[in-house]
1. Arrange I103, I236 by Cβ neighbour counts within 10 Å, fewest through most, would you?
2. When N is the residue count of the chain, what does its C-alpha Rg come to as a fraction of 2.2 N^0.38 Å?
3. To check my understanding: the extent here is largest minus smallest coordinate of the Cα atoms along each principal axis. What are those three numbers for region 242-353, in Å, largest first?
4. Which peptide among 253-259, 206-212 comes first, and what is the full order, when sorted by highest mean count of other Cβ atoms within 10 Å?
5. If you take the beta carbon distance between E168 and K211 as r and set R0 to 30 Å, what does 1/(1 + (r/R0)^6) give as a FRET efficiency, to the nearest 0.05?
6. Please compute the modelled spin-label separation between C251 and H226, points set 7 Å along Cα→Cβ, answer in nm with one decimal.
7. Cβ neighbours within 10 Å, averaged per peptide: list 272-281, 157-166, 177-186 in order, most packed at the top.
8. If the cut-off is 21 Å between C-alpha atoms, which lysines fall inside it for K119, apart from same-chain ones fewer than 8 positions away?
Amino acid sequence: MGETLRAGVIGLTGIGQRPMAPGASSGWGMAMPHSHVSAYDYVADTELVAVCDLSEDAIAKYRSDWDARLPEVNVYTSHKELLEKENLDIISVVTGDNVHAQITVDAVDAGVRGVLCEKPIASSLADADRMIEAVESAGVPMVVDHSRRWMFPWVQAAQLVEEGAIGEVVRVVANQGGPRAMLFRNGTHMCDTINWFAQGNPTAVYGINEKGFEGYGPRYASDGGHDPDTDPAVSILVEYDNDVRAFWNQCKTMPGIFQVDTYGTEGYIQVSQDRATITTGSKNNLLTRDIPHAQHTQGHIAGAVTELVDLVRHGGTPTCGPKEARQVMEVLLGALHSQDSGNTRIQFPIQDA
């Protein structure tokens, strides 16, 4: 255990400050942290010293939920004032995605040593590039909270893919259904997972918006994910530089599902929210078995915080850094460009509309 890092959270709604909750069943104790405030409270090597939000209602809710447990945390309505006064080591950016870039740049300018940013990284590629330039120029590690990177059984399945358990990856097929099958709100998680399992860099994309959203795009124009009617489901084909293709089906009117099937030359892996299986063998002798996975030892945000602490102290490569997060945005915006141009093939790099 090393020095305790001074942490701050900017953005107190939802996943910013949600309090700890009891476990799913009696006797399970408390569930793992599912907010940035609770993650910093949980991770022993961090001390939450300051939080910020523009909304007085959000601040009042934070005080109601956390003042008794964290009475010494300072509360601000200006992120610039917070950064000026608090001498932070690490910061969580949990605001609307349209202001992630400026807050990140300001935090780096103020001398923070690590940044944890919510997804999507930004609302435009230009803003994502500003963030990448800021953190890389200053040598500041940045982690983006694409949650499956720290969740079971996704981690075990990805490790098997990376180790070649199904041979060389050739195709990825993903299904995402239900009202929250939204391109930017939850699609960012799915797209990052697809890119992760495809093991290549996306090079081109085709996209077809669902009925009723034919005129949406080519810009990202949702309200940050609060209203499904402002964020379309899209059918997408992605091409990668290693000849992998990914077929991604989003549909709000089909049953809720979040599932990725990764096909290799020697088998395939299927992963859903709570189960992963691997099938290997020859045509007439296939064997399917469960992929063993541990229970959650920490919530995904606590996992991201723990990783960021390690990166600040020892350096290294983030599990999901800003360049990976930018690739996600390029796929999503590329799909909207495809829709806007008559569902044609859009080759990367693309430009903001």
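1. I103, I236
2. Details: Rg = 20.4 Å, N = 353, 2.2 N^0.38 = 20.4 Å.
So the Cα radius of gyration is 1.00 times the expected 2.2 N^0.38 Å.
3. On the principal axes, region 242-353 reaches 49, 46, 32 Å in Cα extent.
4. Descending packing order for the listed peptides: 206-212, 253-259.
5. Efficiency for this residue pair is about 0.25.
6. About 3.1 nm, to one decimal.
7. Top to bottom by mean Cβ count within 10 Å: 177-186, 157-166, 272-281.
8. K252, K323
Values in this text are rule-based calculations from the coordinates and carry no lab data. Since we're looking at a predicted model, the values are computed, not measured. For neighbour counting, all protein chains shown are included, and Cβ atoms are generated from backbone atoms with ideal geometry for every residue, glycine included.
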